[in-house]
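A short write-up of the structure that comes next.
Read-outs throughout are calculated quantities, based only on the coordinates presented, and are distinct from any laboratory measurement. Predicted model, so just to flag it, every value in this text is computed and none were measured. Counting neighbours? That spans all protein chains shown, and the Cβs are built from the backbone with ideal geometry, glycine included.
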Amino acid sequence: MGTQTMIDECLEIWRDPYKELSRLREQGERPVAFFCSYTPEEILHAAGLTPVRLMGAARTIGHADAHLQAYCCSLARTDLDMALAGELESLEGAVFVQTCDTMMRLSDIWRRNTGFPFHGDLVLPIRMGEEISLPFLVEEVHRFREQVEAFVRHEISDEALRESIRVYNRNRRLADRLYRLRREKPHVIDGLSATACLVVGFWMPRQAHNEILQRIAENLESVEAEEVDRLPLLVSGSICTTPDLFELLLELGADVVDDDLCCGHRYFDAFADETVAPEDALAKRMWERVNCPAKHQCLEDRAERLLWQVQACGARGVVFYLQSFCEPHLFDIPYLRKRLQEELGVPSLVLESELQSFSRGQLRTRLQAFIETIRGV
Amino acid sequence: MSTDADLSGREKEDKERRRIKSGGAMRELMTKYYLEAKAAEGTDRHIAWITSGGPVEPLIAFDVIPVYPENHGAMCGAAHMNVELCEVAESRGFSRDLCSYARGDIGSAVTKGGPIGGLPRPTFLVCCNNICNTVFKWYEELSRFFEVPLFIFDTPFVRGELSFHHKDYSVRQMEEYISFLERITGKEYDEARFVDVAAKSLYASSLWAQVLACNEHKPAPMTCFDAFILMAPIVTLRGTQEVVDFYQGLLKEMRERIERGIGILPSERYRLLWDNIPVWYEMRNLGRLFTELEACLVADTYTSAWTFEGVDVEDPLASMAAIYTEVYLNINLERMAEKIESLARRFDVDGMIMHSNRSCKPYSLGQYDLAKEFTRRTGKPTLIIEADHTDSRWYNRSEVETRIRDFVENLLGESVGV
Ligand code: SF4
Ligand code: SF4
């Protein structure tokens, strides 16, 4: 298969991933949903389950309104809505990692109102990167492993877990390679394609995803393409449910050269240590990886990291893409914008998404205005 | 609606008889507290801003003045001043969808606005996320704004029973908190002092629990709207002798009212349970409405958050740690449902009113399920009203009042008994 065909397929899945669920089932996989990048997917993987990531959907809410108020983020609302509508029947269950207040309550609401056989809960500390919270985190990872074991009715051996860690670490290395390629040769692979190649991994077994990433990276590394003049931007936020934002930017002559997204760079940051006890390795990775705004990280300041990232990829503007009502992200915005502007002179734009009322037209207008300001036209 | 001027002599007398007299003592106590705290600004006394669910006892034991932005937020809300403060924060880029306590507080920090001219500048911050995760984002911002250290007492969510590693994490943080205070204040930890403060705090909280329990009596000697006001000292100053004295006085008054059969309403036909933080800017109007409807809000899920149980005085640090971890907002829906059910039974209520509070996700998300569960368990109806605790721009008075009226008027017909 040609590289472009592969990338196109990835894009297609990103646009409409939910049909993959039944396909996975037919292939004999046992999909389990997760929402948050702090999920220790390796444990599910080692138990013979296939983690898939629910990322919301642009849809009209029909069922979730009986359980969640309208002032709750659209990811929680649309994911729950799909579950209640019976559209996620192929799932064995879901894993809730408690990052924000919404997820913490959604877990109970989901458990009480959907009938999936498996329900996993992982409670996280908010103090990441500090000695004091690590033992708690290790115990929680252990407890989670027990929940999964109870569900699959067999032990997950340390050996199996180590193997899964290796598979996921390989995935992280490959994703990093692809991202590096996109930063260094944006004319060879643009942000839309690179992100699609990453996001598609949420909808297939990890080994299969590794194959795809490996082939795409190998093919592209040798390509010499003509340079194109696109305005380099960085996108920061949580999840991009659809490729629309990336597509629009390309149409408008800009490109996302790096990101600080939960379905992007933040997903594959940091490796799990293959030389220590697997539970320790998984806990430690969550604890030291790039921080999500729903956590308090002492090792690194979020603004510092963003500034550094912007400089490294040469972005001339930052687009913050957030879910409405998402407190953790919304709180950081004024501070991040201020530092970007004051220290780097880099302007930024804040876009909020409510998937139920997603308007491409509006998005386009705002992006266009932003790009024009940077270009000084 | 009649005003005081229209009241006849007998009605006036009756109103005076039913008025809670301890309100005056409380206002004095709180005024003194705020004056002292404000006077300490710029001196060498330490001032710590702390979240309402945070462990304050160590601060008192170290002679630090605790200041509560949430209490101040309630005050700004009741004084109808929080919206303008929120707007200050919004103009600085904070989304209108963030908690209005946080927005108002950030606005007040910038402009020193509000009924008391803002809070005194903190020398450090203490944040405990047992009530929500909003607070640590909010306090991170405060820490950047004032350039002062922030101590986070992290209480991860409790599902089912409190596990050993959870308890252990809390205890180790209590110890860390103490060392943090030693470092900041330059004083040594005085165990005897701490035990004394903890004992007073617990005693005050048990007095508070007894005050609230007085409302099991019919007619109820107070409404939870009174409790929302009268809880200020237990939130802000528990651990001090004045607070113990105050609640002793209040308890005595409540017991006398019961003995003399003095209810807070002229007539109590319905007894209701309230869920969530008060709608601060609307207390007066809602109070009037409920009085008119002869409905007494006899209990709520909010004020009881400051009634601590199960303390081991031998090991105060550890038991404090556990108590602070298992507060009402930090447990799963089933455990919350048990609590509401037990309140409903103890206080013999006819129904429940839930304030769906746009600002507060941990309190409000899940309410729809809790409402159903409540009715399933007790056979009593619930009403959910939409508002925001201090941002009145989200409030539609006529709609809410109509819904409350309809709900109360239907109560007799609907109660199916347990
Ligand atoms: S988008 Fe924000 S509020 Fe929604 S689940 Fe994610 S972190 Fe929580
Ligand atoms: S979200 Fe709720 S608990 Fe948190 S600060 Fe706001 S009102 Fe308080």
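Suppose R0 equals 41 Å. What FRET efficiency, 1/(1 + (r/R0)^6) with r the Cβ-Cβ distance, do B:Ser179 and A:Glu146 give to the nearest 0.05? Walk me through the numbers on the way to the answer.
Details: r = 34 Å, r/R0 = 0.82.
FRET efficiency, B:Ser179 to A:Glu146: 0.75.
As a check on your grasp of the helix formula, calculate [θ] at 222 nm for the protein assembly as shown: sum -39500 (n - 2.57) over DSSP H runs of n ≥ 4, divide by the residue count, round to the nearest 500.
Here the helix-only value at 222 nm equals -16000 deg cm²/dmol.
Going by average Cβ density within 10 Å per residue, which order do the peptides B:389-401, A:327-339 take, highest to lowest?
The densest-packed peptide leads the list: A:327-339, B:389-401.
Along the stretch A:7-12, what does the Karplus equation 6.51 cos²θ - 1.76 cosθ + 1.60 (θ = phi - 60°) give for ³J(HN,Hα), rounded to whole Hz, x for Gly and Pro?
My calculation for the stretch A:7-12 gives 4, 4, 5, 4, 4, 5 Hz in order.
Summarise the partner chain shielding of B:148-161 as one whole number: the mean count of Cβ atoms from other chains within 10 Å of each residue's Cβ.
4
What FRET efficiency would be calculated for the residue pair A:Thr275, B:Ser267, taking the C-beta separation as r and a Förster radius of 60 Å, to the nearest 0.05?
0.20
Would you list the P(r) distribution for the protein assembly as shown, with all Cα-Cα distances sorted into 20 Å bins from 0 and each bin expressed as a whole %?
15, 47, 30, 7, 0
Between their Cα atoms, which of A:Lys284/B:Lys167; B:Lys32/B:Lys252; A:Lys338/B:Lys137; B:Lys32/B:Lys339 are more than 25 Å away from each other?
B:Lys32/B:Lys339, as the Cα separations exceed 25 Å there.
To the nearest 0.05, how large is the calculated FRET efficiency for A:Arg166 and A:Glu354 if R₀ is 51 Å and r is the Cβ-Cβ distance?
Efficiency for this residue pair is about 0.80.
Which whole number in µm²/s is D for chain B by Stokes-Einstein, with the Kirkwood Rh taken over Cα pairs at 20 °C and 1.002 mPa s?
So the translational diffusion coefficient is about 97 µm²/s.
Two-decimal Rg/Rh of the stretch B:312-418 from alpha-carbon positions, Kirkwood Rh?
1.06
Hey, can you rank B:149-161, B:10-22, A:4-16 by average C-beta count inside 10 Å, highest first?
Descending mean neighbour count gives B:149-161, A:4-16, B:10-22.
For chain A, take the convex hull of the Cα atoms, compute a quarter of its surface area, and give me that in nm², please.
Its Cα hull, projected and averaged over all orientations, spans 18.1 nm².
Cα axis of helix A:74-84 to longest principal axis of chain A: angle in degrees, 0 to 90, nearest 10?
The two axes meet at around 40 degrees.
For A:Tyr18 and A:Arg112, compute 0.36 nm times the residue count separating them, minus their Cα-Cα distance, and round to one decimal in nm.
This chain segment gains 31.6 nm when fully extended.
Mind checking the angle between helix B:134-146 and chain B's longest principal axis? C-alpha axes, 0 to 90 degrees, to the nearest 10.
The two axes meet at around 50 degrees.
Ranked from highest to lowest mean number of other Cβ atoms within 10 Å per residue, what is the order of the peptides A:136-146, B:247-257?
Those peptides, ordered most packed to least, come out A:136-146, B:247-257.
Given labels modelled 7 Å from the Cα in the Cβ direction, how far is it in nm from A:Glu155 to B:Arg377?
Placing both labels 7 Å along Cα→Cβ, they lie 4.0 nm apart.
What is the diffusion coefficient of the stretch B:1-145 in µm²/s, taking the Kirkwood radius over Cα pairs and the Stokes-Einstein relation at 10 °C with a viscosity of 1.306 mPa s?
Using the Kirkwood radius from Cα pairs, D works out to 93 µm²/s.
Report the Cα-based extents of the stretch A:17-159 along its three principal axes, largest first, to the nearest Å.
Here the Cα extents, ordered largest to smallest, are 44, 37, 23 Å.
Among B:Gly42, B:Gly351, B:Gly53, determine the one that fluctuates most according to a GNM of chain B built with springs between C-alpha atoms less than 10 Å apart.
B:Gly42
Cβ under 13 Å from A:Glu130's Cβ, A:Glu130 left aside: what net charge do those residues give with Lys, Arg +1 and Asp, Glu -1? Could you put the intermediate results ahead of the total?
Values: positive: A:Arg127, A:Lys284, A:Lys295, B:Arg172; negative: A:Glu131, A:Glu288, A:Glu300, B:Asp154, B:Glu176.
Result for the neighbourhood of A:Glu130: -1.
Mind checking the mean number of beta-carbon atoms from other chains within 10 Å of the Cβ atoms in B:92-99?
Numbers: counts 2, 8, 4, 12, 1, 8, 6, 2.
Taking the mean over all residues of the peptide, I get 5.
Excluding B:Asp391 itself, calculate the net charge of residues whose Cβ lies under 15 Å from the Cβ of B:Asp391, where each Lys or Arg counts +1 and each Asp or Glu counts -1.
So the surrounding residues net to -4.
If you take each beta carbon of peptide B:359-370 and count the beta carbons of other chains within 10 angstrom, what is the mean?
Partner-chain Cβ atoms within 10 Å, mean over residues of B:359-370: 6.
When the Kirkwood hydrodynamic radius is evaluated over all pairs of different C-alpha atoms of the stretch A:314-377, what value in angstrom, to one decimal, is obtained?
Evaluated on the stretch A:314-377, it is 12.8 Å.
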